[in-house]
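What follows is one structure encoded as structure tokens, with my remarks underneath.
The values are calculated or read from the model by the stated rules, or taken from the named source; none is laboratory data. The shown structure was predicted, so the numbers you read here are calculated from the model rather than taken from an experiment. All Cβ positions, glycine included, derive from the backbone under ideal geometry; neighbour counts span all protein chains shown. These area figures cover heavy atoms from the full protein model, side chains too; ligands, DNA and RNA do not enter into them. Shrake-Rupley method; radii C 1.70, N 1.55, O 1.52, S 1.80 Å.
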Amino acid sequence: MARALRALSSAYVERRSRLDEGTALSGAGKRAAFALFYGPMHFLIVSEIVRRLPAVIPAGATLVDLGCGTGAAGAAWAAAGSSTVRVVGVDRHPWAVSEAGWTYRQFRLDGRARRGDVAAFALPRGRSALVAAFTLNELPEGVRETMLPRLLDRARHGDAVLIVEPIAKAVAPWWSRWRVEFERAGGRSDEWRFRVPLPPLAAKLDHAAGLDHRELTARSLWLGGPSKP
Ligand SMILES: C[S@@+](CC[C@H](N)C(=O)[O-])C[C@H]1O[C@@H](n2cnc3c(N)ncnc32)[C@H](O)[C@@H]1O
């Protein structure tokens, strides 16, 4: 498993150019490493971020998790709120869709994951909260750029939008431009560093694979939605 985790980490860091071919989740070993390690990491990171941001999911909103993977980000955000929300996860990978369904059931969320491309996914007509965690950097640039005006437009109409990405500049060279657009629209950007105890299995894998996640880091863009009282 440590070897699979190293292979997956290298796919995210050194062989990034092939991510849009879906290489990260190709192979049972890498999928298991994602489910056991990166899923829980992303859950922790998004939980910490939404706890610190001054905004809440709009009442009665559907939470859409774009590129939901195992469902970690949507589950983290939905579980952090006080009201019940409906969660819709979308991912192009069939394995991710089935894992996300499992995650929603474990958290007793009213959630459903669907197979689809985030760029073509029809967002709900009603009030929504949209999260894209560690996903936009996997999209080809042209596709990602079509997402920016769509997300800004939804926020302008009252939806909440949360984007989370790794801090490493090489991962998201487009970040500063998106940050300017979000801030211009009244949103905010943050860089986060958390010292959170890892679940025992994740800590063991971290160590065995020669990684070091004692400090979790991420950056986020936030826009729209009501503010916390
Ligand atoms: C690094 S994972 C992040 C998963 C999840 N958001 C999380 O925080 O753990 C990126 C996910 O985006 C999905 N993805 C990449 N490109 C996509 C696309 N064009 N449409 C739908 N899903 C996509 C991948 O299949 C993968 O599950």
* Structure fact -> Pairs returned, first residue in segment 118-141 that is under 17 Å from Gly60 (Cβ atoms), second residue that is among the basic types (Lys, Arg), beta-carbon separation under 7 angstrom, 6 or more apart or interchain, are Leu123/Arg154; Ser128/Arg154; Leu130/Arg154
* Matching residues, segment 35-65, being in contact with a strand residue (DSSP E or B) (Cβ under 9 Å, 6 or more places away or on another chain), in a helix (DSSP H, G or I) and of a type outside the set (D, E, K, R) -> Met41, His42, Leu44, Ile45, Val46, Ile49, Val50
* Of all the residues that make up segment 133-142, how many are in a helix (DSSP H, G or I) and crowded, with 16+ Cβ neighbours inside 10 Å? -> 3
* Test: Ile57 is within 13 Å of the ligand (Cβ to nearest atom) and either within 21 Å of Asp190 (Cα to Cα) or surrounded by 15 or more Cβ atoms within 10 Å (Cβ to Cβ) (or both) -> no
* **Restricting segment 168-195 to residues that are open to solvent by 30 Å² or more (accessible area, probe 1.4 Å) and of a type in the set (A, V, I, L, M, F, W, C), the residue that is nearest to the chain's Cα centre (by Cα)** => Ala168
* Asked: Any chance segment 149-164 includes a residue that's touching a residue at least 40 places away in the same chain (Cβ under 8 Å), touching a Ser or Thr at 6+ places or on another chain (Cβ under 7 Å) and in a loop (DSSP other than H, G, I, E, B)?
  -> yes
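Quick one: which residue in Leu130, Leu123, Leu151, Leu162 is open to solvent by 20 Å² or more (accessible area, probe 1.4 Å), within 15 Å of the ligand (Cβ to nearest atom) and closer than 27 Å to Lys228 by Cβ?
Of Leu130, Leu123, Leu151, Leu162, the one residue that is open to solvent by 20 Å² or more (accessible area, probe 1.4 Å), within 15 Å of the ligand (Cβ to nearest atom) and closer than 27 Å to Lys228 by Cβ is Leu123.
Is it fair to say Asp206 is in contact with a His (Cβ under 7 Å, 6 or more places away or on another chain), buried (at least 17 other Cβ atoms within 10 Å of the Cβ) and either more than 23 Å from Ile57 (Cα to Cα) or modelled with pLDDT under 95 (or both)? Working first, answer last.
Values: in contact with a His (Cβ under 7 Å, 6 or more places away or on another chain): yes; buried (at least 17 other Cβ atoms within 10 Å of the Cβ): yes; either more than 23 Å from Ile57 (Cα to Cα) or modelled with pLDDT under 95 (or both): yes.
Yes; evaluated as a whole, the condition is true for this residue.
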* Structure fact -> Cβ pairs under 7 Å, 6+ apart or interchain, first in segment 1-24 and within 17 Å of Phe37 (Cβ to Cβ), second among the β-branched types (Val, Ile, Thr) and at pLDDT below 75, ordered by first then second residue, are Ala11/Thr23
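Could you check, for segment 79-96, whether at least one of its residues is in a helix (DSSP H, G or I), among the charged types (D, E, K, R) and within 8 Å of the ligand (Cβ to nearest atom)? If you could, list the steps in order and put the result at the bottom.
Taking segment 79-96 and keeping what is in a helix (DSSP H, G or I), we get 79-80, 94-96.
Cutting the leftovers down to among the charged types (D, E, K, R) gives us none.
No, segment 79-96 contains no residue that is in a helix (DSSP H, G or I), among the charged types (D, E, K, R) and within 8 Å of the ligand (Cβ to nearest atom).
Suppose we keep only residues that are surrounded by 13 or more Cβ atoms within 10 Å (Cβ to Cβ) and of a type outside the set (Gly, Ala, Ser) within segment 103-114. Which one would you say is farthest from the ligand (Cβ to nearest atom)?
Looking at residues that are surrounded by 13 or more Cβ atoms within 10 Å (Cβ to Cβ) and of a type outside the set (Gly, Ala, Ser), I get Asp110.
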